[in-house]
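Notes follow once the structure below has been shown.
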Amino acid sequence: MTPSPRSGFLLAIGAYGLWGFLPLYIALTAPTSAVELIGWRILFSVVFGVLLLVCLRGGVAELRELVRDRRIVVTLGIAGLLVAVNWLLYVTAVTTGHTVEGALGYFLNPLVSIVLALVVERERLRPLQWAAVGLAVVALVVLAVGYGQLPLIAIGLALSFGLYGLVKKRVGPRVGVVPGLLVETSLIVPIGIGCLVVAALTTGITFGANGPLHTGLLVASGIVTALPLLLFAAAAKRLTLVEIALMQYLAPSLQFVIGVRVFHEAMPAERWVGFAIVWAALVLFTVDLALENRRRRAAPSDPPL
(Lines give C-alpha, C1' and ligand atoms only; values in the text may rest on other atoms or scores of the structure.)
Protein backbone atom coordinates (compact mmCIF):
# COMPACT_ATOMS: atom_id res chain seq x y z
CA MET A 1 0.00 0.00 0.00
CA THR A 2 1.14 3.50 -0.77
CA PRO A 3 0.83 6.35 1.77
CA SER A 4 -2.74 7.56 2.45
CA PRO A 5 -4.42 4.69 0.58
CA ARG A 6 -7.83 5.32 2.17
CA SER A 7 -7.96 8.95 1.02
CA GLY A 8 -6.68 7.85 -2.40
CA PHE A 9 -9.49 5.34 -2.79
CA LEU A 10 -12.08 7.92 -1.68
CA LEU A 11 -10.75 10.42 -4.19
CA ALA A 12 -10.74 7.79 -6.96
CA ILE A 13 -14.30 6.77 -6.09
CA GLY A 14 -15.28 10.44 -6.32
CA ALA A 15 -13.65 10.88 -9.73
CA TYR A 16 -14.86 7.67 -11.34
CA GLY A 17 -18.24 7.94 -9.63
CA LEU A 18 -18.82 11.37 -11.16
CA TRP A 19 -17.78 10.07 -14.58
CA GLY A 20 -20.03 7.04 -14.05
CA PHE A 21 -23.11 9.15 -13.34
CA LEU A 22 -22.37 11.52 -16.24
CA PRO A 23 -25.17 9.99 -18.40
CA LEU A 24 -27.75 11.16 -15.85
CA TYR A 25 -26.40 14.71 -16.00
CA ILE A 26 -26.49 14.67 -19.80
CA ALA A 27 -30.08 13.40 -19.73
CA LEU A 28 -31.07 16.24 -17.39
CA THR A 29 -29.79 18.83 -19.87
CA ALA A 30 -32.39 17.81 -22.49
CA PRO A 31 -33.52 19.33 -24.85
CA THR A 32 -29.98 20.68 -25.34
CA SER A 33 -28.33 19.01 -28.33
CA ALA A 34 -24.97 17.25 -28.08
CA VAL A 35 -23.28 19.96 -30.15
CA GLU A 36 -24.61 22.79 -27.98
CA LEU A 37 -23.72 20.99 -24.76
CA ILE A 38 -20.11 20.52 -25.91
CA GLY A 39 -19.94 24.24 -26.72
CA TRP A 40 -21.04 25.25 -23.22
CA ARG A 41 -18.87 22.55 -21.67
CA ILE A 42 -15.76 24.00 -23.32
CA LEU A 43 -16.57 27.64 -22.50
CA PHE A 44 -17.61 27.06 -18.89
CA SER A 45 -14.61 24.79 -18.33
CA VAL A 46 -12.42 27.77 -19.18
CA VAL A 47 -14.36 29.97 -16.75
CA PHE A 48 -14.11 27.37 -13.99
CA GLY A 49 -10.41 26.85 -14.75
CA VAL A 50 -9.72 30.58 -14.42
CA LEU A 51 -11.52 30.71 -11.06
CA LEU A 52 -9.54 27.71 -9.82
CA LEU A 53 -6.27 29.19 -11.01
CA VAL A 54 -6.92 32.45 -9.18
CA CYS A 55 -7.61 30.51 -5.97
CA LEU A 56 -4.54 28.28 -6.43
CA ARG A 57 -1.38 29.54 -4.77
CA GLY A 58 1.23 30.16 -7.44
CA GLY A 59 -1.21 29.14 -10.14
CA VAL A 60 -0.86 32.28 -12.26
CA ALA A 61 2.93 32.09 -12.16
CA GLU A 62 2.79 28.42 -13.14
CA LEU A 63 0.53 29.28 -16.07
CA ARG A 64 2.92 31.98 -17.28
CA GLU A 65 5.81 29.53 -17.15
CA LEU A 66 3.74 26.95 -18.99
CA VAL A 67 2.71 29.12 -21.94
CA ARG A 68 6.37 30.07 -22.57
CA ASP A 69 7.07 26.51 -23.68
CA ARG A 70 5.72 26.31 -27.24
CA ARG A 71 6.12 22.54 -27.45
CA ILE A 72 4.02 21.95 -24.34
CA VAL A 73 1.35 24.37 -25.56
CA VAL A 74 1.12 22.57 -28.92
CA THR A 75 0.93 19.22 -27.13
CA LEU A 76 -1.86 20.47 -24.88
CA GLY A 77 -3.65 21.83 -27.95
CA ILE A 78 -3.63 18.35 -29.49
CA ALA A 79 -4.86 16.94 -26.17
CA GLY A 80 -7.67 19.50 -26.18
CA LEU A 81 -8.77 18.47 -29.68
CA LEU A 82 -8.81 14.79 -28.70
CA VAL A 83 -10.79 15.38 -25.52
CA ALA A 84 -13.29 17.56 -27.42
CA VAL A 85 -13.84 14.69 -29.87
CA ASN A 86 -14.24 12.32 -26.91
CA TRP A 87 -16.79 14.59 -25.25
CA LEU A 88 -18.79 15.00 -28.45
CA LEU A 89 -18.86 11.25 -29.10
CA TYR A 90 -19.96 10.45 -25.55
CA VAL A 91 -22.66 13.10 -25.35
CA THR A 92 -23.91 11.94 -28.75
CA ALA A 93 -23.96 8.35 -27.48
CA VAL A 94 -26.10 9.24 -24.46
CA THR A 95 -28.49 11.58 -26.30
CA THR A 96 -29.09 9.01 -29.07
CA GLY A 97 -29.76 6.03 -26.82
CA HIS A 98 -26.29 4.42 -26.99
CA THR A 99 -25.16 4.77 -23.36
CA VAL A 100 -24.24 1.08 -23.18
CA GLU A 101 -22.08 1.43 -26.29
CA GLY A 102 -20.44 4.45 -24.68
CA ALA A 103 -19.63 2.34 -21.61
CA LEU A 104 -18.13 -0.27 -23.94
CA GLY A 105 -15.76 2.39 -25.28
CA TYR A 106 -14.35 3.05 -21.81
CA PHE A 107 -14.13 -0.68 -21.06
CA LEU A 108 -12.05 -1.02 -24.22
CA ASN A 109 -9.83 1.97 -23.40
CA PRO A 110 -7.13 0.09 -21.39
CA LEU A 111 -6.80 -2.46 -24.20
CA VAL A 112 -6.55 0.29 -26.82
CA SER A 113 -3.81 1.88 -24.71
CA ILE A 114 -1.87 -1.40 -24.95
CA VAL A 115 -2.15 -1.38 -28.74
CA LEU A 116 -1.09 2.28 -28.91
CA ALA A 117 1.94 1.50 -26.76
CA LEU A 118 2.82 -1.27 -29.23
CA VAL A 119 2.41 0.94 -32.31
CA VAL A 120 3.60 4.34 -31.11
CA GLU A 121 5.97 3.58 -28.25
CA ARG A 122 7.16 0.32 -29.87
CA GLU A 123 6.76 -1.51 -26.58
CA ARG A 124 6.77 -5.30 -26.55
CA LEU A 125 3.57 -6.90 -25.34
CA ARG A 126 3.64 -9.66 -22.76
CA PRO A 127 1.72 -12.92 -23.38
CA LEU A 128 -1.27 -11.98 -21.21
CA GLN A 129 -1.47 -8.60 -22.95
CA TRP A 130 -1.57 -10.32 -26.35
CA ALA A 131 -4.32 -12.60 -25.02
CA ALA A 132 -6.31 -9.62 -23.76
CA VAL A 133 -6.02 -7.81 -27.10
CA GLY A 134 -7.02 -10.98 -28.94
CA LEU A 135 -10.13 -11.37 -26.79
CA ALA A 136 -11.01 -7.72 -27.43
CA VAL A 137 -10.86 -8.34 -31.19
CA VAL A 138 -13.14 -11.38 -30.80
CA ALA A 139 -15.53 -9.28 -28.70
CA LEU A 140 -15.69 -6.60 -31.40
CA VAL A 141 -16.58 -9.24 -33.99
CA VAL A 142 -19.34 -10.63 -31.77
CA LEU A 143 -20.68 -7.13 -31.03
CA ALA A 144 -20.50 -6.17 -34.71
CA VAL A 145 -22.80 -9.13 -35.45
CA GLY A 146 -25.10 -8.03 -32.64
CA TYR A 147 -25.24 -4.38 -33.70
CA GLY A 148 -25.31 -5.19 -37.40
CA GLN A 149 -22.19 -3.04 -37.77
CA LEU A 150 -19.03 -2.20 -35.88
CA PRO A 151 -19.71 -0.31 -32.61
CA LEU A 152 -18.17 2.84 -34.07
CA ILE A 153 -19.04 5.10 -31.14
CA ALA A 154 -17.32 2.73 -28.71
CA ILE A 155 -14.26 2.43 -30.95
CA GLY A 156 -14.12 6.21 -31.39
CA LEU A 157 -14.35 6.79 -27.65
CA ALA A 158 -11.64 4.25 -26.87
CA LEU A 159 -9.31 5.61 -29.56
CA SER A 160 -9.82 9.29 -28.71
CA PHE A 161 -9.33 8.78 -24.97
CA GLY A 162 -6.42 6.39 -25.52
CA LEU A 163 -4.68 8.92 -27.76
CA TYR A 164 -5.49 11.66 -25.23
CA GLY A 165 -3.73 9.65 -22.53
CA LEU A 166 -0.77 9.08 -24.82
CA VAL A 167 -0.45 12.80 -25.59
CA LYS A 168 -0.75 13.72 -21.91
CA LYS A 169 1.97 11.20 -21.12
CA ARG A 170 4.29 13.20 -23.39
CA VAL A 171 3.77 16.23 -21.17
CA GLY A 172 4.17 14.25 -17.97
CA PRO A 173 4.60 15.86 -14.57
CA ARG A 174 5.82 19.15 -16.06
CA VAL A 175 2.25 20.45 -16.25
CA GLY A 176 0.01 21.03 -13.25
CA VAL A 177 -3.57 19.77 -13.40
CA VAL A 178 -5.31 23.15 -13.24
CA PRO A 179 -2.97 25.12 -15.57
CA GLY A 180 -2.90 22.21 -18.00
CA LEU A 181 -6.67 21.91 -18.04
CA LEU A 182 -7.04 25.67 -18.54
CA VAL A 183 -4.62 25.71 -21.48
CA GLU A 184 -6.27 22.64 -23.05
CA THR A 185 -9.76 24.10 -22.90
CA SER A 186 -8.67 27.64 -23.82
CA LEU A 187 -7.06 26.40 -27.03
CA ILE A 188 -10.30 24.72 -28.13
CA VAL A 189 -12.53 27.73 -27.37
CA PRO A 190 -12.94 28.32 -31.15
CA ILE A 191 -14.36 24.81 -31.39
CA GLY A 192 -16.77 25.60 -28.56
CA ILE A 193 -17.92 28.78 -30.27
CA GLY A 194 -18.25 26.87 -33.55
CA CYS A 195 -20.44 24.27 -31.81
CA LEU A 196 -22.74 27.01 -30.50
CA VAL A 197 -22.97 28.58 -33.97
CA VAL A 198 -23.88 25.21 -35.49
CA ALA A 199 -26.45 24.63 -32.76
CA ALA A 200 -27.95 28.08 -33.32
CA LEU A 201 -28.30 27.40 -37.05
CA THR A 202 -29.76 23.90 -36.65
CA THR A 203 -31.52 22.92 -33.43
CA GLY A 204 -31.47 26.40 -31.82
CA ILE A 205 -29.83 27.55 -28.58
CA THR A 206 -31.58 26.26 -25.46
CA PHE A 207 -29.48 28.22 -22.92
CA GLY A 208 -31.80 30.51 -20.96
CA ALA A 209 -34.89 29.26 -22.78
CA ASN A 210 -35.93 26.38 -20.50
CA GLY A 211 -35.98 27.86 -17.03
CA PRO A 212 -33.33 28.66 -14.40
CA LEU A 213 -32.72 25.01 -13.42
CA HIS A 214 -31.83 24.02 -16.97
CA THR A 215 -29.63 27.09 -17.38
CA GLY A 216 -27.88 26.27 -14.10
CA LEU A 217 -27.19 22.73 -15.31
CA LEU A 218 -25.50 24.09 -18.43
CA VAL A 219 -23.42 26.55 -16.39
CA ALA A 220 -22.40 23.66 -14.13
CA SER A 221 -20.93 21.81 -17.13
CA GLY A 222 -17.58 23.44 -16.32
CA ILE A 223 -17.59 21.95 -12.82
CA VAL A 224 -18.83 18.60 -14.15
CA THR A 225 -15.82 18.57 -16.48
CA ALA A 226 -13.06 19.81 -14.18
CA LEU A 227 -13.92 18.35 -10.77
CA PRO A 228 -13.43 14.64 -11.67
CA LEU A 229 -10.09 15.49 -13.30
CA LEU A 230 -8.91 17.21 -10.12
CA LEU A 231 -10.06 14.31 -7.92
CA PHE A 232 -8.37 11.82 -10.23
CA ALA A 233 -5.07 13.74 -10.17
CA ALA A 234 -5.12 13.75 -6.37
CA ALA A 235 -5.96 10.03 -6.24
CA ALA A 236 -3.17 9.13 -8.66
CA LYS A 237 -0.62 10.58 -6.21
CA ARG A 238 -1.85 8.29 -3.42
CA LEU A 239 -2.50 4.98 -5.23
CA THR A 240 -0.35 2.54 -7.14
CA LEU A 241 -0.78 1.89 -10.86
CA VAL A 242 -2.55 -1.42 -10.13
CA GLU A 243 -4.97 0.24 -7.71
CA ILE A 244 -5.81 2.95 -10.24
CA ALA A 245 -6.25 0.32 -12.97
CA LEU A 246 -8.75 -1.56 -10.82
CA MET A 247 -10.67 1.61 -9.95
CA GLN A 248 -11.01 2.75 -13.57
CA TYR A 249 -13.67 0.11 -14.27
CA LEU A 250 -16.06 1.83 -11.84
CA ALA A 251 -17.09 4.54 -14.33
CA PRO A 252 -18.03 2.32 -17.32
CA SER A 253 -19.69 -0.17 -14.95
CA LEU A 254 -21.97 2.57 -13.62
CA GLN A 255 -22.61 3.82 -17.16
CA PHE A 256 -23.49 0.29 -18.25
CA VAL A 257 -25.97 -0.15 -15.38
CA ILE A 258 -27.56 3.24 -16.09
CA GLY A 259 -27.91 2.39 -19.79
CA VAL A 260 -29.57 -0.96 -19.09
CA ARG A 261 -31.60 -0.28 -15.93
CA VAL A 262 -32.41 3.44 -16.14
CA PHE A 263 -32.53 4.13 -19.89
CA HIS A 264 -33.76 0.58 -20.69
CA GLU A 265 -31.45 0.11 -23.67
CA ALA A 266 -31.69 -3.26 -25.42
CA MET A 267 -29.20 -5.98 -24.47
CA PRO A 268 -29.80 -9.04 -26.67
CA ALA A 269 -27.85 -12.24 -26.04
CA GLU A 270 -25.06 -11.48 -28.52
CA ARG A 271 -24.31 -8.18 -26.76
CA TRP A 272 -24.10 -9.92 -23.39
CA VAL A 273 -21.66 -12.40 -24.95
CA GLY A 274 -19.60 -9.58 -26.45
CA PHE A 275 -19.44 -7.69 -23.15
CA ALA A 276 -18.55 -10.91 -21.29
CA ILE A 277 -15.58 -11.41 -23.62
CA VAL A 278 -14.49 -7.80 -23.06
CA TRP A 279 -14.71 -8.29 -19.29
CA ALA A 280 -12.62 -11.47 -19.60
CA ALA A 281 -10.01 -9.48 -21.53
CA LEU A 282 -9.97 -6.86 -18.77
CA VAL A 283 -9.42 -9.58 -16.17
CA LEU A 284 -6.34 -10.76 -18.11
CA PHE A 285 -5.15 -7.14 -18.42
CA THR A 286 -5.50 -6.58 -14.67
CA VAL A 287 -3.80 -9.86 -13.76
CA ASP A 288 -0.89 -9.02 -16.08
CA LEU A 289 -0.59 -5.55 -14.55
CA ALA A 290 -0.56 -7.00 -11.02
CA LEU A 291 2.05 -9.64 -11.91
CA GLU A 292 4.29 -7.08 -13.60
CA ASN A 293 3.97 -4.75 -10.61
CA ARG A 294 4.93 -7.60 -8.25
CA ARG A 295 7.89 -8.56 -10.48
CA ARG A 296 9.22 -4.99 -10.46
CA ARG A 297 8.93 -4.75 -6.69
CA ALA A 298 10.76 -8.03 -6.26
CA ALA A 299 13.56 -7.06 -8.66
CA PRO A 300 16.77 -6.05 -6.83
CA SER A 301 17.55 -2.37 -7.04
CA ASP A 302 20.79 -1.12 -8.55
CA PRO A 303 23.61 -0.90 -6.00
CA PRO A 304 24.63 2.61 -4.96
CA LEU A 305 27.64 4.10 -6.74
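Taking (1) of a type outside the set (A, V, I, L, M); (2) farther than 25 Å from Pro151 by Cα; (3) in contact with a helix residue (DSSP H, G or I) (Cβ under 9 Å, 6 or more places away or on another chain) in turn, Ser33 satisfies each apart from (2). Can you work out which of the residues in the stretch 253-273 that are exposed (fewer than 14 other Cβ atoms within 10 Å of the Cβ) and not aliphatic (A, V, I, L, M) is nearest to Thr96 (Cα to Cα)? It comes out as His264.
How many of the residues in the stretch 112-165 are closer than 14 Å to Ala281 by Cα and either small (Gly, Ala, Ser) or touching a Phe, Trp or Tyr at 6+ places or on another chain (Cβ under 6 Å) (or both)? Count: 6.
Let's see how each residue does on (1) under 29 Å from Phe207 (Cβ atoms); (2) polar (S, T, N, Q); (3) modelled with pLDDT of 90 or more; (4) out of contact with any Asp or Glu (no Cβ under 9 Å at 6 or more places or on another chain):
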| site | (1), (2), (3), (4) |
| --- | --- |
| Pro31 | yes, no, yes, yes |
| Ser45 | yes, yes, yes, no |
| Phe48 | yes, no, yes, yes |
| Leu53 | yes, no, no, no |
| Gly58 | no, no, no, yes |
| Arg64 | no, no, no, yes |
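Of the residues Ala269, Ala245, only one is at pLDDT below 80 and of a type in the set (Gly, Ala, Ser); which? Can you show your working first?
On the way: Ala269 fails: at pLDDT below 80.
Exactly one residue qualifies, and that residue is Ala245.
Of the residues in the stretch 228-248, how many are among the aromatic types (Phe, Trp, Tyr) and surrounded by fewer than 18 Cβ atoms within 10 Å (Cβ to Cβ)? Step through it out loud before you land on a result.
First, pick out the residues of the stretch 228-248 that are among the aromatic types (Phe, Trp, Tyr): 232.
Now drop any that are not surrounded by fewer than 18 Cβ atoms within 10 Å (Cβ to Cβ), which leaves none.
So the answer is 0.
The residue of the stretch 206-225 that is surrounded by the most Cβ atoms within 10 Å (Cβ to Cβ), among those that are hydroxyl-bearing (Ser, Thr, Tyr) and touching a helix residue (DSSP H, G or I) at 6+ places or on another chain (Cβ under 7 Å), is Ser221. Whenever a residue of the stretch 102-130 is surrounded by fewer than 21 Cβ atoms within 10 Å (Cβ to Cβ), its partners that are not in a helix (DSSP H, G or I), lying with C-beta atoms within less than 6 angstrom and at least six residues away or across chains, give the pairs Ala117/Glu123; Leu118/Leu125. Counting the residues of the stretch 186-205 that are surrounded by 15 or more Cβ atoms within 10 Å (Cβ to Cβ) and not in a helix (DSSP H, G or I) gives 2.
The values are calculated or read from the model by the stated rules, or taken from the named source; none is laboratory data. Computed from a prediction, not measured in an experiment: that's the story for all the values here. Using ideal geometry, Cβ is built from the backbone for each residue, glycine included, and neighbour counts are taken over all protein chains shown.
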